[in-house]
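The values are calculated or read from the model by the stated rules, or taken from the named source; none is laboratory data. Predicted, not measured: the structure shown is a model, and the values here were computed from it. The accessibility values were calculated without ligands, DNA or RNA, using every heavy atom of the protein model including side chains. Shrake-Rupley method; radii C 1.70, N 1.55, O 1.52, S 1.80 Å.
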Amino acid sequence: MTAGPTPHAEPAAHAGPAARTGPAGHARRAAPGRARTAGAGASRPAGDGGAPLTGRQEERRRRILEAAAALACRGGFDAVQMREVAEGSGVALGTLYRYFPSKTHLLVAVMEDRLQLMRDRLRRRPPAGDDPAARVADVLMRAFHRLQREPRLAEAMVRALTSADRSAGAEADRVGRLTTAVVVDAMGLDRPPTAGELAAVRVVGHTWQSALVSWLSGRSSIAEVRGDLETAARLLTLG
(Lines give C-alpha, C1' and ligand atoms only; values in the text may rest on other atoms or scores of the structure.)
Protein backbone atom coordinates (compact mmCIF):
# COMPACT_ATOMS: atom_id res chain seq x y z
CA MET A 1 0.00 0.00 0.00
CA THR A 2 1.02 3.53 -0.28
CA ALA A 3 1.86 6.31 2.15
CA GLY A 4 2.26 10.01 2.18
CA PRO A 5 4.09 12.35 4.45
CA THR A 6 4.95 10.96 7.85
CA PRO A 7 1.56 10.37 9.46
CA HIS A 8 2.57 11.39 12.98
CA ALA A 9 1.26 14.89 12.40
CA GLU A 10 -2.40 14.48 11.60
CA PRO A 11 -3.70 17.22 9.31
CA ALA A 12 -6.99 18.90 9.94
CA ALA A 13 -9.93 17.14 8.35
CA HIS A 14 -10.72 20.18 6.21
CA ALA A 15 -7.51 19.58 4.24
CA GLY A 16 -8.75 16.40 2.71
CA PRO A 17 -11.48 15.28 0.40
CA ALA A 18 -11.41 18.01 -2.23
CA ALA A 19 -7.66 17.71 -2.72
CA ARG A 20 -7.75 13.94 -2.65
CA THR A 21 -10.57 13.01 -4.94
CA GLY A 22 -10.86 13.16 -8.67
CA PRO A 23 -13.92 13.26 -10.93
CA ALA A 24 -14.88 9.72 -10.03
CA GLY A 25 -14.46 10.29 -6.31
CA HIS A 26 -11.31 8.19 -6.09
CA ALA A 27 -8.12 9.21 -4.40
CA ARG A 28 -5.67 11.05 -6.59
CA ARG A 29 -2.82 11.73 -4.21
CA ALA A 30 -0.34 9.63 -6.13
CA ALA A 31 2.71 11.04 -4.44
CA PRO A 32 1.52 10.20 -0.93
CA GLY A 33 0.54 6.80 -2.24
CA ARG A 34 4.03 6.02 -3.40
CA ALA A 35 5.60 7.39 -0.26
CA ARG A 36 3.64 5.03 1.96
CA THR A 37 5.04 2.06 0.12
CA ALA A 38 8.52 3.16 0.94
CA GLY A 39 8.40 4.37 4.47
CA ALA A 40 6.75 5.96 7.44
CA GLY A 41 3.01 5.77 7.59
CA ALA A 42 2.85 2.77 5.29
CA SER A 43 -0.56 1.18 5.37
CA ARG A 44 1.05 -2.14 4.50
CA PRO A 45 2.26 -4.36 7.34
CA ALA A 46 5.86 -4.18 8.43
CA GLY A 47 8.15 -6.50 6.56
CA ASP A 48 6.20 -6.47 3.30
CA GLY A 49 8.65 -4.47 1.27
CA GLY A 50 8.27 -1.13 3.08
CA ALA A 51 9.84 0.29 6.20
CA PRO A 52 8.34 -1.12 9.41
CA LEU A 53 5.56 0.88 10.98
CA THR A 54 6.18 2.42 14.35
CA GLY A 55 4.12 1.13 17.25
CA ARG A 56 1.93 4.22 17.11
CA GLN A 57 1.37 3.89 13.37
CA GLU A 58 0.54 0.21 13.63
CA GLU A 59 -1.95 0.87 16.43
CA ARG A 60 -3.59 3.62 14.36
CA ARG A 61 -3.77 1.35 11.33
CA ARG A 62 -5.36 -1.37 13.45
CA ARG A 63 -8.06 1.04 14.66
CA ILE A 64 -8.81 2.06 11.08
CA LEU A 65 -9.17 -1.55 9.91
CA GLU A 66 -11.42 -2.42 12.85
CA ALA A 67 -13.64 0.62 12.28
CA ALA A 68 -14.01 -0.24 8.58
CA ALA A 69 -14.80 -3.88 9.37
CA ALA A 70 -17.43 -2.85 11.93
CA LEU A 71 -19.17 -0.60 9.41
CA ALA A 72 -19.07 -3.31 6.74
CA CYS A 73 -20.50 -5.88 9.16
CA ARG A 74 -23.48 -3.61 9.77
CA GLY A 75 -24.21 -2.46 6.24
CA GLY A 76 -21.89 -3.99 3.67
CA PHE A 77 -19.80 -2.15 1.10
CA ASP A 78 -22.00 0.95 0.84
CA ALA A 79 -21.95 1.50 4.61
CA VAL A 80 -18.19 2.02 4.64
CA GLN A 81 -17.81 5.78 4.26
CA MET A 82 -14.37 7.25 4.78
CA ARG A 83 -15.56 10.06 7.05
CA GLU A 84 -17.33 7.55 9.30
CA VAL A 85 -14.26 5.32 9.33
CA ALA A 86 -12.17 8.29 10.41
CA GLU A 87 -14.63 9.15 13.18
CA GLY A 88 -14.88 5.54 14.32
CA SER A 89 -11.13 5.07 14.48
CA GLY A 90 -10.40 8.44 16.06
CA VAL A 91 -8.14 9.76 13.31
CA ALA A 92 -8.34 12.86 11.15
CA LEU A 93 -9.84 12.33 7.71
CA GLY A 94 -6.59 13.48 6.09
CA THR A 95 -4.65 10.87 8.05
CA LEU A 96 -7.04 8.14 6.94
CA TYR A 97 -6.51 9.07 3.30
CA ARG A 98 -2.74 8.91 3.74
CA TYR A 99 -3.02 5.34 4.99
CA PHE A 100 -5.74 4.28 2.53
CA PRO A 101 -6.36 6.52 -0.50
CA SER A 102 -9.80 5.02 -1.23
CA LYS A 103 -12.49 2.78 0.20
CA THR A 104 -11.37 0.02 -2.16
CA HIS A 105 -7.81 0.16 -0.81
CA LEU A 106 -9.18 0.07 2.72
CA LEU A 107 -11.51 -2.91 2.27
CA VAL A 108 -8.91 -4.92 0.36
CA ALA A 109 -6.59 -4.25 3.32
CA VAL A 110 -9.31 -5.55 5.66
CA MET A 111 -9.43 -8.74 3.60
CA GLU A 112 -5.65 -9.01 3.74
CA ASP A 113 -5.83 -8.59 7.51
CA ARG A 114 -8.46 -11.33 7.85
CA LEU A 115 -6.36 -13.69 5.75
CA GLN A 116 -3.33 -12.99 7.92
CA LEU A 117 -5.35 -13.79 11.03
CA MET A 118 -6.47 -17.02 9.38
CA ARG A 119 -2.87 -17.93 8.59
CA ASP A 120 -1.83 -17.21 12.19
CA ARG A 121 -4.61 -19.52 13.47
CA LEU A 122 -3.56 -22.17 10.99
CA ARG A 123 0.01 -22.10 12.26
CA ARG A 124 -1.16 -22.44 15.85
CA ARG A 125 -3.59 -25.24 15.02
CA PRO A 126 -2.52 -27.14 11.89
CA PRO A 127 -5.38 -29.01 10.20
CA ALA A 128 -5.93 -32.73 10.57
CA GLY A 129 -6.25 -34.89 7.49
CA ASP A 130 -4.71 -37.86 5.77
CA ASP A 131 -3.38 -35.97 2.77
CA PRO A 132 -2.74 -32.40 1.60
CA ALA A 133 -6.00 -32.24 -0.37
CA ALA A 134 -8.10 -33.10 2.67
CA ARG A 135 -6.22 -30.63 4.86
CA VAL A 136 -6.60 -27.79 2.37
CA ALA A 137 -10.31 -28.43 1.83
CA ASP A 138 -10.83 -28.47 5.61
CA VAL A 139 -9.00 -25.17 6.15
CA LEU A 140 -10.80 -23.36 3.33
CA MET A 141 -14.21 -24.59 4.48
CA ARG A 142 -13.45 -23.40 8.00
CA ALA A 143 -12.54 -20.00 6.57
CA PHE A 144 -15.72 -20.01 4.54
CA HIS A 145 -17.84 -20.74 7.61
CA ARG A 146 -16.25 -17.77 9.41
CA LEU A 147 -17.19 -15.55 6.51
CA GLN A 148 -20.71 -16.97 6.62
CA ARG A 149 -21.10 -15.49 10.08
CA GLU A 150 -20.33 -12.01 8.70
CA PRO A 151 -21.90 -12.05 5.22
CA ARG A 152 -22.04 -8.26 4.81
CA LEU A 153 -18.37 -7.95 5.64
CA ALA A 154 -17.58 -10.80 3.23
CA GLU A 155 -19.58 -9.07 0.50
CA ALA A 156 -17.78 -5.78 1.11
CA MET A 157 -14.32 -7.33 0.99
CA VAL A 158 -15.02 -9.40 -2.12
CA ARG A 159 -16.66 -6.45 -3.88
CA ALA A 160 -13.61 -4.31 -3.17
CA LEU A 161 -11.22 -7.02 -4.33
CA THR A 162 -13.07 -7.68 -7.58
CA SER A 163 -13.41 -3.97 -8.36
CA ALA A 164 -9.81 -3.04 -7.51
CA ASP A 165 -8.08 -1.21 -10.33
CA ARG A 166 -4.37 -0.70 -10.92
CA SER A 167 -4.11 1.82 -8.11
CA ALA A 168 -4.99 -0.95 -5.65
CA GLY A 169 -2.98 -3.59 -7.50
CA ALA A 170 -0.36 -3.95 -4.77
CA GLU A 171 -3.01 -4.60 -2.14
CA ALA A 172 -4.83 -7.11 -4.35
CA ASP A 173 -1.53 -8.86 -5.09
CA ARG A 174 -0.86 -9.22 -1.37
CA VAL A 175 -4.26 -10.83 -0.92
CA GLY A 176 -3.35 -13.29 -3.67
CA ARG A 177 0.01 -14.08 -2.10
CA LEU A 178 -1.55 -14.57 1.31
CA THR A 179 -4.18 -16.90 -0.12
CA THR A 180 -1.39 -18.93 -1.71
CA ALA A 181 0.53 -18.99 1.59
CA VAL A 182 -2.53 -20.20 3.49
CA VAL A 183 -3.05 -23.06 1.05
CA VAL A 184 0.63 -24.04 1.11
CA ASP A 185 0.66 -23.97 4.92
CA ALA A 186 -2.49 -26.10 5.00
CA MET A 187 -0.84 -28.72 2.80
CA GLY A 188 1.53 -29.48 5.68
CA LEU A 189 4.50 -30.35 3.51
CA ASP A 190 7.93 -31.02 5.00
CA ARG A 191 9.58 -29.60 1.86
CA PRO A 192 9.03 -26.68 -0.52
CA PRO A 193 6.13 -27.23 -2.95
CA THR A 194 6.99 -28.27 -6.48
CA ALA A 195 6.21 -26.10 -9.48
CA GLY A 196 3.27 -28.35 -10.28
CA GLU A 197 1.95 -28.07 -6.74
CA LEU A 198 2.24 -24.28 -6.81
CA ALA A 199 0.24 -24.19 -10.04
CA ALA A 200 -2.45 -26.30 -8.37
CA VAL A 201 -2.35 -24.03 -5.31
CA ARG A 202 -3.15 -21.04 -7.51
CA VAL A 203 -6.11 -22.89 -9.00
CA VAL A 204 -7.34 -23.72 -5.50
CA GLY A 205 -7.07 -20.06 -4.48
CA HIS A 206 -9.00 -18.92 -7.54
CA THR A 207 -11.65 -21.56 -6.88
CA TRP A 208 -12.05 -20.45 -3.28
CA GLN A 209 -12.56 -16.81 -4.25
CA SER A 210 -14.90 -17.73 -7.10
CA ALA A 211 -16.93 -20.01 -4.81
CA LEU A 212 -17.21 -17.19 -2.28
CA VAL A 213 -18.48 -14.77 -4.94
CA SER A 214 -20.95 -17.38 -6.20
CA TRP A 215 -22.28 -18.06 -2.70
CA LEU A 216 -22.60 -14.35 -1.88
CA SER A 217 -24.64 -13.80 -5.04
CA GLY A 218 -26.93 -16.72 -4.19
CA ARG A 219 -25.82 -18.86 -7.13
CA SER A 220 -24.17 -21.62 -5.06
CA SER A 221 -25.20 -23.54 -1.98
CA ILE A 222 -22.85 -24.44 0.85
CA ALA A 223 -22.80 -28.02 -0.41
CA GLU A 224 -21.78 -26.85 -3.86
CA VAL A 225 -19.04 -24.67 -2.41
CA ARG A 226 -17.69 -27.64 -0.46
CA GLY A 227 -17.80 -29.84 -3.57
CA ASP A 228 -15.95 -27.26 -5.66
CA LEU A 229 -13.25 -26.82 -3.01
CA GLU A 230 -12.76 -30.56 -2.55
CA THR A 231 -12.53 -31.07 -6.30
CA ALA A 232 -9.98 -28.28 -6.71
CA ALA A 233 -7.97 -29.48 -3.71
CA ARG A 234 -7.54 -32.91 -5.31
CA LEU A 235 -5.39 -31.22 -7.95
CA LEU A 236 -2.76 -30.88 -5.23
CA THR A 237 -2.19 -34.63 -5.28
CA LEU A 238 -1.34 -34.51 -9.00
CA GLY A 239 1.58 -32.08 -8.71
Point to revise | Cα-based Rg and Dmax for the stretch 79-124, where Dmax is the largest Cα-Cα distance (Å) | key: 12.7, 38
**Study point:** ³J(HN,Hα) computed for each position of the stretch 169-186 - Karplus, 6.51 cos²θ - 1.76 cosθ + 1.60, integer Hz, glycine/proline x
**Key:** x, 5, 5, 5, 5, 5, 4, x, 5, 5, 4, 4, 5, 4, 5, 4, 4, 5
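Strictly greater than 29 Å: what percent of every Cα pair in the stretch 89-239 meets that?
On the way: 2080 of 11325 pairs.
Distances greater than 29 Å cover 18 percent of the Cα pairs.
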Point to revise | Amide proton proximity set for SER220, modelled H, under 5 Å, gap of 5+ | key: TRP215
Revision key, fill the gap. Relative to the compact-globule estimate 2.2 N^0.38 Å (N residues), the Cα gyration radius of the stretch 123-206 stands at a ratio of 1.19
Study note, to complete from the structure: Phi angles of the stretch 188-199, converted by Karplus (6.51 cos²θ - 1.76 cosθ + 1.60, θ = phi - 60°) into ³J(HN,Hα) in whole Hz with x for Gly and Pro, give x, 6, 9, 7, x, x, 6, 4, x, 5, 5, 5
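Out of the total accessible area of the stretch 67-195 (probe 1.4 Å, heavy atoms of protein only), what percent is carbon and sulfur?
About 49 percent, which is the carbon plus sulfur part of the accessible surface.
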